[in-house]
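As structure tokens, the structure follows; a few thoughts come after it.
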Amino acid sequence: MKAALSTLIALVVLVGSAGGYVLHAIDQPYKGFTDPVLIEFPRGTTTSRMASMLAEQGVIEHPWVFLAARAVKRGARLQAGEYKFDKSASPLEVYGRIARGDIYYMELLVPEGFNMFDIADAVAKLGTMPASAFLEAARDPSLIQDLDPKAESLEGYLFPSKYRVYRKTTARDICRMMISEFRTQWQSLGGNPTLVHDAVTLASLVEREARLPEERPRVSSVFHNRLRLGMRLQCDPTTVYAALLDNRYRGVIHQSDLENKNPYNTYQNAGLPPGPIANPGLSSIKAALSPVDTSYLYFVAKADGTGGHNFSDSLQKHEMAVAQYKRATKGH
């Protein structure tokens, strides 16, 4: 009887010790790799296969510790996708990340006023595709032509925001996300399809000219007034965009850019350009739709470095403001 009791006690101690060892093992941080590891689990990947893949890449030491973590975390559902591991973690932490679907992604930040060339450069910096791949997708207007049949590309409709991009996200996927966000924002303004082309085109000019948000309605009023009177808009950013389209922009505006006959150059062509020259934010679109009531026809940058402008309602006043700007910046 005493022998049986001793055996039972020894068995309980052994099981308890084994359980303690397992609990310690699944809570112990491990890092068996040097460079960051990216592992993709396709849909339908079994837990045991995940465990093997993690062990092969040095994320966990042995497959069984991941299976033991599953036994502790019963009820959790593991999520397919690509995961990045760049520091030591316990099997419980690794299991928790996959159960939460903590999938690896990059952030694409698109500021207001970026054109498709700027966005292409930002996408290229993520390292998933060359800029040319994004430009090819952005030059196809099919994603927006139901709303704007006159669109020559997706320029103007790649709404500025922050987007999640995965390594397998295609250029068209990125464009689709941005177009979807534009549609949402446009609907918030009433969503009138008859206004969208001209409103977004004008908003893109406002976005590129007005560095100060509070000046956007005034800059818009200048363009509205000029259009009403049949004056050329003479918007410098349109000459830059025309040069970009012709692959001839050299970082500054030259006289040849001002004389360029490209339809987007508003120094040479009356009215709005054929389409947007950048991707405006919501406030610039609002300013294009609802400009403040002014008699301004001109504006020139202030020399104080604030990004603000002096507005004028006559050529004489404008020339005085330009002369003042030149005097203040002479020698700089």
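The values are calculated or read from the model by the stated rules, or taken from the named source; none is laboratory data. If you're wondering where the values come from, they're calculated on a predicted model, not measured in any experiment. We place every Cβ from the backbone using ideal geometry, glycine too, and count neighbours over all the protein chains shown.
Observations on the structure shown:
Listed here are the residues, each with its yes/no results for (1) assigned by TED's automatic domain parsing to the domain that holds Pro274; (2) in a helix (DSSP H, G or I); (3) crowded, with 20+ Cβ neighbours inside 10 Å; (4) in contact with a Lys or Arg (Cβ under 9 Å, 6 or more places away or on another chain).
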| site | (1), (2), (3), (4) |
| --- | --- |
| Ile119 | no, yes, yes, no |
| Met129 | no, no, no, no |
| Ala137 | no, yes, yes, yes |
| Ser142 | no, yes, no, no |
| Asp148 | no, no, yes, no |
| Pro160 | no, no, yes, no |
| Arg164 | no, no, no, no |
| Ile179 | no, yes, no, no |
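- One residue stands out in the stretch 250-268 among those that are of a type in the set (Ser, Thr, Tyr) and closer than 15 Å to Leu233 by Cβ: the one that is nearest to the chain's Cα centre (by Cα), namely Tyr264.
- Looking across the stretch 94-113, the residues that are surrounded by 15 or more Cβ atoms within 10 Å (Cβ to Cβ), on the phi < 0 side of the Ramachandran plot and out of contact with any Gly (no Cβ under 7 Å at 6 or more places or on another chain) come down to Val94, Tyr95, Gly96, Arg97, Ile98, Ala99, Tyr104, Tyr105, Met106, Leu108, Val110.
- Identity of the residue in the stretch 174-208, within 22 Å of the chain's Cα centre (by Cα) and of a type in the set (Asp, Glu), that ends up farthest from Gly271 (Cα to Cα): Glu181
- Residues of the stretch 96-108 that turn out to be in contact (Cβ under 8 Å) with a residue 60 or more places away in the chain and touching a Phe, Trp or Tyr at 6+ places or on another chain (Cβ under 7 Å), as a count: 4
- Filter result (touching a residue at least 40 places away in the same chain (Cβ under 8 Å) and either at negative phi or part of a helix (DSSP H, G or I) (or both)) within the stretch 67-82: Ala68, Ala69, Val72, Glu82
- Count of residues meeting criterion [of a type in the set (Ser, Thr, Tyr), within 20 Å of Leu135 (Cβ to Cβ) and without any contact (Cβ under 8 Å) to a residue 40 or more places away in the chain] in the stretch 227-249: 2
- Taken over the stretch 83-107, the residue count meeting the criterion of being outside any loop (DSSP other than H, G, I, E, B) and of a type in the set (D, E, K, R) is 5.
Here's the yes/no breakdown for (1) part of a loop (DSSP other than H, G, I, E, B); (2) surrounded by 10 or more Cβ atoms within 10 Å (Cβ to Cβ); (3) at pLDDT below 80:
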residue	(1), (2), (3)
Ala4	no, no, yes
Ser17	no, yes, yes
Val22	no, yes, no
Thr34	yes, no, no
Glu40	no, yes, no
